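What follows is one structure encoded as C-alpha cells, with my remarks underneath.
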Amino acid sequence: MKLLLHACCGPCSLEPTRILRAAGHDLAIYYANSNIAPADEHARRLATLRAWADGEGLPVIEGPYDPATWEACAGRVGAAALAAIGDDALRSATEPSAREARCRACYRLRLSETARTAAELGFDGVGTTLSVSPYQFTEVIGEELERAAANAGVRAVFEDFRPFYDEAVRRSRALGMYRQNYCGCRFSEAEAEAERKARKAARAAERAAEAEARAAERAAAEAERAARRAERAAYDAKQAKKRAVLKTLRERRREGEDEARGDA
Ligand code: SF4
C-alpha cells in the first residue's frame, strides 16, 4: 500500500518504518508537528529525521508548522485541564487523566492533517509512528487515526509498535541521533522537568535514608563494642581485686609463719 506515515521525530521512526516496509508498504514520511515548542526544537527534530531518512531513501514531506492553531485546540484543552486541577506542573505530570484530553486533541490535529494530505497526494493509507512510545495514549492514537482516515477517505494502518520501543532507543543511540527529553508541547516540557525534579528529590531522599540507616548501624555497633569493653573492664577489675586479696592473704600467712618460727 502507498502509505503516508506521520512521524513525530527520527528516533520514533526507526522501528515503524522498518516494520511497515518489511510488510510491503511503499512509504513516505509526513512531518506535521505544530505541537512542538519552541520552533528551534521543531527544526532540530525535523533535521534529525531528514538526515536519517535521506540515508534510508525515504521521502520526507514537511507539513505546516502552525503553533497558533495547536494552541487554539490542544493548547486550550491543556490550559483548561491545568486550571481545573491547579496550575501545578508536578500534579499535571502525575495526572494522566488531565493529559489525555489534551493529547487526544493534539493527535487529532496532526493525524487529520496527515490524512488530508495523504488523500490530496494520492496515498492509499495513513499511519503514525506515535504508537511506538509507551508514554503516549496508544488506544487514543488508534481511535484518532481511524477517525482521521475515515474523514479523509483513506485507510488507517494502525499498529501498536510499543514492543519495539527498546530497540528504537538502542538503535537511535547507536546512530548518535538527537533524542529529545520531552514529548513536544510546552506542557510536556514542564511535566518532564517536574518529573525529573521529583525523581531527583526521591533519589536524594532515598540516599539520605540509606545514610541515616548506615549511621544508626554504626552507632549500634559502636554501642555494642563499648558495652563489651565495659564488661571486659569490670571483669579485669574484679580479677585484680581477687588477686590483691589473695596476695594480702599470702603475705599475712607468711608473716604468721615467720612469727611462729621466731617464737620457736
Ligand atoms: S504531551 Fe505530546 S501528545 Fe500530548 S499534547 Fe503534548 S505534544 Fe501532544
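The values are calculated or read from the model by the stated rules, or taken from the named source; none is laboratory data. For clarity, every value in this text was computed on a predicted model and none was experimentally measured. Backbone-built Cβ (ideal geometry, glycine too); neighbour counts: all protein chains shown. Quick note on the areas: whole protein, heavy atoms, side chains included, nothing else; ligands and nucleic acids left out. Shrake-Rupley method; radii C 1.70, N 1.55, O 1.52, S 1.80 Å.
Restricted to the stretch 55-164, the set of helices (runs of 4 or more DSSP H) holding at least 3 residues that are more than 22 Å from the chain's Cα centre (by Cα) and loosely packed, with under 14 Cβ neighbours inside 10 Å comprises 76-85. Criterion first (outside any helix (DSSP H, G or I), touching a helix residue (DSSP H, G or I) at 6+ places or on another chain (Cβ under 6 Å), more than 14 Å from the ligand (Cβ to nearest atom) and not basic (Lys, Arg)) does Leu4 satisfy it? Against the criterion (outside any helix (DSSP H, G or I), touching a helix residue (DSSP H, G or I) at 6+ places or on another chain (Cβ under 6 Å), more than 14 Å from the ligand (Cβ to nearest atom) and not basic (Lys, Arg)), Leu4 qualifies.
Identify all residues within the stretch 178-217 that are away from the ligand (no atom under 16 Å from the Cβ), surrounded by fewer than 15 Cβ atoms within 10 Å (Cβ to Cβ) and not aliphatic (A, V, I, L, M); write none if there are none. First the steps, then the outcome.
The first filter runs over the stretch 178-217 and keeps only residues away from the ligand (no atom under 16 Å from the Cβ), leaving 178, 197-217.
When the remaining residues are screened for being surrounded by fewer than 15 Cβ atoms within 10 Å (Cβ to Cβ), the result is 197-217.
Answer for the stretch 178-217, where residues must be away from the ligand (no atom under 16 Å from the Cβ), surrounded by fewer than 15 Cβ atoms within 10 Å (Cβ to Cβ) and not aliphatic (A, V, I, L, M): Lys197, Arg199, Lys200, Arg203, Glu206, Arg207, Glu210, Glu212, Arg214, Glu217.
Please work out if Ala168 is open to solvent by less than 50 Å² (accessible area, probe 1.4 Å), more than 16 Å from the ligand (Cβ to nearest atom), touching a residue at least 12 places away in the same chain (Cβ under 8 Å) and assigned to a helix (DSSP H, G or I). Even if it seems obvious, please write down each step before you answer.
On the way: open to solvent by less than 50 Å² (accessible area, probe 1.4 Å): yes; more than 16 Å from the ligand (Cβ to nearest atom): yes; touching a residue at least 12 places away in the same chain (Cβ under 8 Å): yes; assigned to a helix (DSSP H, G or I): yes.
Spelling it out, Ala168 is indeed open to solvent by less than 50 Å² (accessible area, probe 1.4 Å), more than 16 Å from the ligand (Cβ to nearest atom), touching a residue at least 12 places away in the same chain (Cβ under 8 Å) and assigned to a helix (DSSP H, G or I).
Looking at Val126, is it more than 14 Å from the ligand (Cβ to nearest atom) and in contact (Cβ under 8 Å) with a residue 60 or more places away in the chain? Judged against the criteria, Val126 is a match. On the given criteria, is Ala150 closer than 25 Å to Thr48 by Cβ, among the hydrophobic types (A, V, I, L, M, F, W, C) and free of Cβ contacts under 8 Å to residues at least 12 places away in the same chain? Spelling it out, it is not the case that Ala150 is closer than 25 Å to Thr48 by Cβ, among the hydrophobic types (A, V, I, L, M, F, W, C) and free of Cβ contacts under 8 Å to residues at least 12 places away in the same chain.
Restrict the check to the stretch 24-38 and report whether at least one residue is among the aliphatic types (A, V, I, L, M), in a helix (DSSP H, G or I) and either surrounded by fewer than 22 Cβ atoms within 10 Å (Cβ to Cβ) or in contact with a Lys or Arg (Cβ under 6 Å, 6 or more places away or on another chain) (or both).
Just the residues of the stretch 24-38 that are among the aliphatic types (A, V, I, L, M), to begin with: 27-29, 32, 36-37.
Pick out the ones that are also in a helix (DSSP H, G or I) and you get none.
So far as the stretch 24-38 goes, no, none of its residues is among the aliphatic types (A, V, I, L, M), in a helix (DSSP H, G or I) and either surrounded by fewer than 22 Cβ atoms within 10 Å (Cβ to Cβ) or in contact with a Lys or Arg (Cβ under 6 Å, 6 or more places away or on another chain) (or both).
Pairing residues of the stretch 29-45 that are touching a residue at least 40 places away in the same chain (Cβ under 8 Å) with residues that are charged (D, E, K, R) and surrounded by fewer than 16 Cβ atoms within 10 Å (Cβ to Cβ), at Cβ distances under 7 Å and at least 6 apart in sequence or on separate chains, gives Ser34/Asp66.
Hey, can you tell me all the residues within the stretch 178-207 that are among the aliphatic types (A, V, I, L, M), more than 16 Å from Ile36 (Cβ to Cβ) and in contact (Cβ under 8 Å) with a residue 60 or more places away in the chain? Break it down into steps so the answer makes sense when it comes.
Looking only at the stretch 178-207, we keep the residues that are among the aliphatic types (A, V, I, L, M), and these are 190, 192, 194, 198, 201-202, 204-205.
Checking which are more than 16 Å from Ile36 (Cβ to Cβ) leaves us with 194, 198, 201-202, 204-205.
Within the stretch 178-207, Ala194, Ala198 meet the criteria.
In this structure, Thr48 qualifies as assigned to a helix (DSSP H, G or I), surrounded by 12 or more Cβ atoms within 10 Å (Cβ to Cβ), more than 15 Å from the ligand (Cβ to nearest atom) and on the phi < 0 side of the Ramachandran plot.
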